[in-house]
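Visitor: First the structure, which I've put down as C-alpha cells, then a few questions once you've had a look.
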Amino acid sequence: MNSVLKISNLHVNVGETPILKGVTMEVRQGEIHALMGPNGSGKSTLAYALAGHPNYIVTDGSIEIDGVNITEMEANERARLGMFLAFQYPVVIPGVKVADFLRHAVSNIRNPDRKEGEGLMGMREFRKEIRERMNELGMDPEFARRYLNDGFSGGEKKRMEILQLAMLQPRFAILDETDSGLDSDAVRVVSEGLAKLSGPQMGVLIITHHERLLEFNPPQFTHVMLGGRIVETGDAALAHDLHANGYADIRARHPDAAAENAKAEAAAAV
Ligand code: ADP
Ligand code: MG
C-alpha cells in the first residue's frame, strides 16, 4: 500500500502571528511535489510544522500519515513514522563524526523502543550498509569520518543531507532549499542525489526555485504558496513558468493573498 501524508486545512502560528491560513495538500509515497512561492509566503513554516518544530503552533487543521493523526506528535516520533526534514541550516555538532551520527539515527528509526546506550545497530552491519550507500551515491568513504557539519562547505552539507536520506529511507522527505547561499556544486549534489534516491518508496516535497533541481526531479505536482495559502496547483510546467516569469501573474490572480503576503514581508523587514 502507498502511504499518504495528508495535510488538511492547516493553520499555524509563530507566537501570536498566524502564518499558515488553511493549507491542504496530499503527498503520496512515490510522488514528487514542488512547493514554490515568494519570500515570506510560509513555505519554511509549513516544513517546520510538518517536522514538529515546537515554535510552530498548529491552531487548526491536521497532519496525518495513513490516517494516523501526527499533529501533536514530537519530532522524533514523526521521524519514526517516516518523516524526514532536511533543515535549511544544519547544526554543527562538535566531536561527533558523520558515521556515528548516522549509526544512532538509523538505530533510533529502526528500533524505536531502544534505550540510550542499548540496541545500537551492529558496527559491522552498519559499516557495510553505509559503504554501499556511499558507493551508490559516488561519495568518498572518507566523508563518513568527518566531524558533523564542522567546516562543511555548501556542497558537503548537501552531501550529508543526501546520505541521511539514503540511510534513513524515509517515506516522506521534505527538502527546504534556500535560494541564496547554495553554490552550483551544492545544487548538483542535491539534484543528482535525490534523483538516485527517490522512487516508489519515497514521497518528496521540494521547496525550491532552483530550475536544476526540478529538471533532475520533475514534480508531478507544483503548489504555489502566497500569503500563507496554496493559491494554485499545477504540474511541472507551472514550476517552469514561475521560474521563467516570476510571481507577478500569480499575485494579479490572487490579490487578497498577495496583499497578505506583502504585509508579512513588510513585518519581516522591520
Ligand atoms: P518562506 O519560507 O516562504 O520565505 P517563511 O515560512 O520563512 O516563508 O515565513 C513566513 C512568514 O512567517 C514571514 O512573515 C516570517 O517573517 C514569519 N516567520 C517565520 N518564522 C518566524 C519566526 N521564527 N519568528 C517570527 N516570524 C516568523
Ligand atoms: Mg523559507
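Since every read-out is calculated from the coordinates, none of them should be taken as a lab result. Everything numeric here is computed off the predicted structure, so don't read it as measured data. We place every Cβ from the backbone using ideal geometry, glycine too, and count neighbours over all the protein chains shown.
Visitor: Fewest Cβ neighbours within 10 Å first, please rank ILE206, ILE19 accordingly.
Guide: Neighbour counts put them in this order, fewest first: ILE19, ILE206.
Visitor: Lysine pairs in the chain 8 or more apart or on different chains: how many have alpha carbons under 20 angstrom apart?
Guide: Close lysine pairs under the 20 Å cut-off: 12.
Visitor: Then there is this: Of the residues ALA244, ALA105, ALA258, which exhibits the maximal mean-square fluctuation in a Gaussian network model of the chain defined by a 10 Å Cα contact cut-off?
Guide: For the chain, modelled as a Gaussian network with Cα springs under 10 Å, the answer is ALA244.
Visitor: Taking a label point 7 Å from the Cα of ARG253 along the Cα→Cβ vector, which residues of region 201-225 have an amide N closer than 16 Å to it?
Guide: 221-225
Visitor: Specify whether the C-alpha gyration tensor of region 172-235 places it in the rounded, prolate or oblate class, a ≥ b ≥ c being the square roots of the eigenvalues: rounded for a/c under 1.5, otherwise prolate if a/b is larger than b/c and oblate if not.
Guide: oblate
Visitor: Taking other Cβ within 10 Å of each residue's Cβ, how do LEU168, LEU102 sort, fewest first?
Guide: LEU168, LEU102
Visitor: Let me ask something else. Run the quick spin-label model on GLU136 and GLN201: label points 7 Å from Cα toward the beta carbon, then report their separation in nm to one decimal.
Guide: My value for the distance between the label points is 0.6 nm.
Visitor: Filter the GluC sites (Glu not before Pro) in region 6-72 to those in DSSP coil with at most 13 other Cβ atoms within 10 Å of their Cβ, and list the result.
Guide: Sites meeting the loop and neighbour criteria: GLU16, GLU72.
Visitor: Right, here's the next one. Amide H of LEU205: which non-local residues (sequence gap of 5 or more, or other chain) have their own amide H closer than 5 Å, using H built in the peptide plane?
Guide: HIS33, ALA173, ILE174, LEU175
Visitor: Same structure again: Of GLY117, GLY138, GLY40, which is the most mobile in a GNM of the chain whose springs link Cα atoms less than 10 angstrom apart?
Guide: The residue with the greatest mean-square fluctuation here is GLY117.
Visitor: For the chain, with a Gaussian network of springs between Cα atoms less than 10 Å apart, report the residue from HIS223, HIS254, HIS240 with the top mean-square fluctuation.
Guide: Looking only at HIS223, HIS254, HIS240, the largest GNM fluctuation is found for HIS254.
Visitor: Each residue of region 213-223 in turn: what ³J(HN,Hα) in whole Hz from Karplus with 6.51, -1.76, 1.60 and θ = phi - 60°, glycine and Pro shown as x?
Guide: Values per residue, Gly and Pro as x: 4, 7, 5, 6, 10, x, x, 6, 9, 10, 10 Hz.
Visitor: About the Cα centre, and with charges only on the beta carbon of Lys, Arg (+1) and Asp, Glu (-1), how big is the dipole of the chain? Nearest 20 debye, please.
Guide: Magnitude of the dipole: close to 660 debye.
Visitor: Between beta-carbons, use under 15 Å as the cut-off and find the net charge around GLY228, counting Lys and Arg +1, Asp and Glu -1.
Guide: Every neighbour counted, the sum reads -1.
Visitor: Amide H of GLY37: which non-local residues (sequence gap of 5 or more, or other chain) have their own amide H closer than 5 Å, using H built in the peptide plane?
Guide: When sequence neighbours closer than 5 places are left aside, the close amide H contacts are MET225.
Visitor: Further, regarding this structure: For the chain, just say rounded, prolate or oblate: build the C-alpha gyration tensor, square-root its eigenvalues into a ≥ b ≥ c, call rounded for a/c under 1.5, and beyond that prolate if a/b exceeds b/c, oblate if not.
Guide: It comes out prolate by the Cα gyration axes.
Visitor: What value, in deg cm²/dmol to 500, does the helix sum -39500 (n - 2.57) over DSSP H runs of n ≥ 4 give at 222 nm once divided by the residues of the chain?
Guide: Per the formula, -12000 deg cm²/dmol.
Visitor: Once R0 is set to 35 Å, what does the formula 1/(1 + (r/R0)^6) return for the Cβ-Cβ distance between ALA237 and LEU120, expressed as a FRET efficiency to the nearest 0.05?
Guide: The pair ALA237/LEU120 has a calculated efficiency of 0.15.
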